[in-house]
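J.: What follows is a structure written as structure tokens; I'll ask about it next.
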Amino acid sequence: MNAPEWGKAVLGCLGALGSGAVQPINAYCVGLLISIYFLPEPEMKSKSRVLSLVFLGIGAFNFFTNILQHYNFAIMGERLTKRVRENLLKKLMTFEIGWFDQDENTSAAICARLATEANMVRSLVGDLLSLLVQAAFGATFAYILGLVLTWRLSVKLFKNE
């Protein structure tokens, strides 16, 4: 049912990938910041200025990727909610008249079910899918970044021996 929004899903996933990449990159930059404190003062000042601009860039990048991610997944979820509600209502209109006479099938109960159950679908698709893509990519990227940085560090240590 979500196939018509494949473009929004791709844009939302790209935003989620960007948002997921922010935490590992930020952690790496904090590590660089700590190592800068052991440099001579003139070099420390120049490198800390550059790193402060990098942190500013990371913040701006995170802002735009979060907007891209949440906007597209929200649009996708809302359109899916509309489709689910329309299909449920179409199906309800095919029921026999006697079904609507039962106490649990009053118009108020049906409206409440249409509102809550369709919103559960939206929250599953919009919110949880967004979070899942972001967390999965963030963890994968952090793992790969850690392996790459550790490999480079161990090669340097091995050459010095």
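Here's the yes/no breakdown for (1) exposed (fewer than 14 other Cβ atoms within 10 Å of the Cβ); (2) among the charged types (D, E, K, R):
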site: 63; (1), (2): yes, no
site: 66; (1), (2): no, no
site: 72; (1), (2): no, no
site: 82; (1), (2): yes, yes
site: 98; (1), (2): yes, no
site: 107; (1), (2): yes, no
site: 113; (1), (2): no, yes
site: 127; (1), (2): no, yes
site: 148; (1), (2): yes, no
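J.: Something else: Any residue at all in the range 93-115 that is under 28 Å from residue 6 (Cα atoms) and of a type outside the set (D, E, K, R)?
T.: Yes, the range 93-115 has at least one match.
J.: Has the range 115-134 got at least one residue that is closer than 30 Å to residue 27 by Cβ, out of contact with any helix residue (DSSP H, G or I) (no Cβ under 9 Å at 6 or more places or on another chain) and not acidic (Asp, Glu)?
T.: Yes - at least one qualifying residue is present in the range 115-134.
J.: Let me ask something else. Name the one entry in 122, 79, 49, 113 that is in contact with a Pro (Cβ under 8 Å, 6 or more places away or on another chain) and not β-branched (Val, Ile, Thr).
T.: 79
Residues checked against (1) within 30 Å of the chain's Cα centre (by Cα); (2) of a type in the set (Ser, Thr, Tyr):
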{"residue": "20", "(1), (2)": "yes, no"}
{"residue": "28", "(1), (2)": "yes, yes"}
{"residue": "33", "(1), (2)": "yes, no"}
{"residue": "45", "(1), (2)": "no, no"}
{"residue": "56", "(1), (2)": "yes, no"}
{"residue": "66", "(1), (2)": "yes, no"}
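J.: Please report, ordered by residue number, the helices (runs of 4 or more DSSP H) entirely within the range 49-161 with at least 3 residues that are within 29 Å of residue 16 (Cα to Cα) and in contact (Cβ under 8 Å) with a residue 40 or more places away in the chain.
T.: The qualifying helices (runs of 4 or more DSSP H) are 129-160.
Only the coordinates and a few stated rules stand behind these numbers; no lab work does. Computed from a prediction, not measured in an experiment: that's the story for all the values here. Glycine gets a Cβ as well: all are built from the backbone with ideal geometry, and neighbour counts include every protein chain shown.
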